[in-house]
1. Look through 101, 130 and report the one residue that is exposed (fewer than 12 other Cβ atoms within 10 Å of the Cβ) and modelled with pLDDT of 90 or more.
2. Might you check whether a residue that is at pLDDT 95 or above and crowded, with 16+ Cβ neighbours inside 10 Å occurs anywhere in region 191-203?
3. Exactly one of (1) free of Cβ contacts under 8 Å to residues at least 60 places away in the same chain; (2) touching a helix residue (DSSP H, G or I) at 6+ places or on another chain (Cβ under 8 Å); (3) surrounded by 14 or more Cβ atoms within 10 Å (Cβ to Cβ) is unmet by residue 147. Its number?
4. Which number in (1) surrounded by fewer than 18 Cβ atoms within 10 Å (Cβ to Cβ); (2) under 22 Å from the mean Cα position of the chain (by Cα); (3) part of a strand (DSSP E or B) marks the one condition that residue 260 misses?
5. For the condition without any contact (Cβ under 8 Å) to a residue 60 or more places away in the chain, in the same structural domain as residue 194 (by TED's automatic domain parsing) and either in contact with a strand residue (DSSP E or B) (Cβ under 8 Å, 6 or more places away or on another chain) or closer than 18 Å to residue 314 by Cβ (or both), what is the one hit in 212, 286?
6. Hey, among the residues in region 206-224 that are assigned to a helix (DSSP H, G or I) and under 15 Å from the mean Cα position of the chain (by Cα), which one's surrounded by the fewest Cβ atoms within 10 Å (Cβ to Cβ)?
7. Quick check on this structure: which one of 245, 271 is closer than 27 Å to residue 179 by Cα, buried (at least 21 other Cβ atoms within 10 Å of the Cβ) and touching a strand residue (DSSP E or B) at 6+ places or on another chain (Cβ under 9 Å)?
């Protein structure tokens, strides 16, 4: 690999498509176009097809990638040196290396300078890194196999997105019913308790308190919890049980007021002060119905409109404002039908997400095994590819 920088003089009359590099080998970050008249840079680096590029400033975070072969004309600042792979190194093979912790750790060790954000990896130091370099044919096999796995991951991600859209549409298709204030269909809203913890993940059954991240948009994740070493002030009234309807009372503007029904709750799981438990009057309103309804776009906006706070990063809802939100209350039969449709889509999304997690873990294990040559791809694979093509 050689340092190969194409520095282009900035023309104030031109606009430039600017890129950065995401950390942990996640590829290029496409930024808004920049007018040449709006920058103090005298030159910009043009990123070439299949070139290796990294952020000198954030290399210690694994901000390195290989530009796609179909990349359009893009530029970066001088903090993004570019390199061209020699004849014995396939860009696609090095792209795989950029997604490995081993390379990230090496870049971190090469970072020099005063203070974390001022550390830089110099191009000459980068070129001293040693990598395992199998033959070109073996590199091609590895790239091809991992490409097939990545294509499956991408297809699954697209399926998850499609299922999310279906779920959003089903949640928005609310059955008609007379509208009531939330205060008229619930018998109480329970508060949790604030506590300091070590932040450690609990073993199953250990006393724990939920994190805010346990409540997503209509989804509950019991694994998002912190171990509780001190139960002072907690009582049975703070315990979370299966079927509880929970809502985040404080979070970022996009996430405040997330609602979900608790499922598969480990014993000794407690409610934090930033999450409430809503107790619906089940003869009027079912928890599952409220969970999906309040997760729909229209009712999300109604909840968020009651939030207060001057911080753009953290907003809060209060019981008075939340209780005044109007909700339609159809018959219990209609509620059950609505729940069944939404649950089916939510279960499908959850299954796809679980499959995606498993495939992601498999990808990591397979890549390490291929790069370390624990697993070798037989030469007969090339014959198979020829026949397929």
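The values are calculated or read from the model by the stated rules, or taken from the named source; none is laboratory data. As the structure is a computational prediction, the values presented were derived from the model and not from experiment. Ideal geometry is used to build each Cβ from the backbone, glycine not excepted, and the neighbour counts take in all protein chains shown.
1. Answer to the check: 130.
2. No: zero hits.
3. The failed condition is (3).
4. (1)
5. Numbers: 212 fails: without any contact (Cβ under 8 Å) to a residue 60 or more places away in the chain.
Being without any contact (Cβ under 8 Å) to a residue 60 or more places away in the chain, in the same structural domain as residue 194 (by TED's automatic domain parsing) and either in contact with a strand residue (DSSP E or B) (Cβ under 8 Å, 6 or more places away or on another chain) or closer than 18 Å to residue 314 by Cβ (or both) holds for just one of 212, 286, which is 286.
6. Filtering region 206-224 for residues that are assigned to a helix (DSSP H, G or I) and under 15 Å from the mean Cα position of the chain (by Cα), the one surrounded by the fewest Cβ atoms within 10 Å (Cβ to Cβ) comes out as 213.
7. On the way: 271 fails: closer than 27 Å to residue 179 by Cα.
Answer to the selection: 245.
Conditions tested, residue by residue: (1) at pLDDT 95 or above; (2) surrounded by fewer than 17 Cβ atoms within 10 Å (Cβ to Cβ).
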site	(1), (2)
283	yes, yes
306	no, no
315	no, no
334	yes, yes
342	yes, no
345	yes, no
360	no, yes
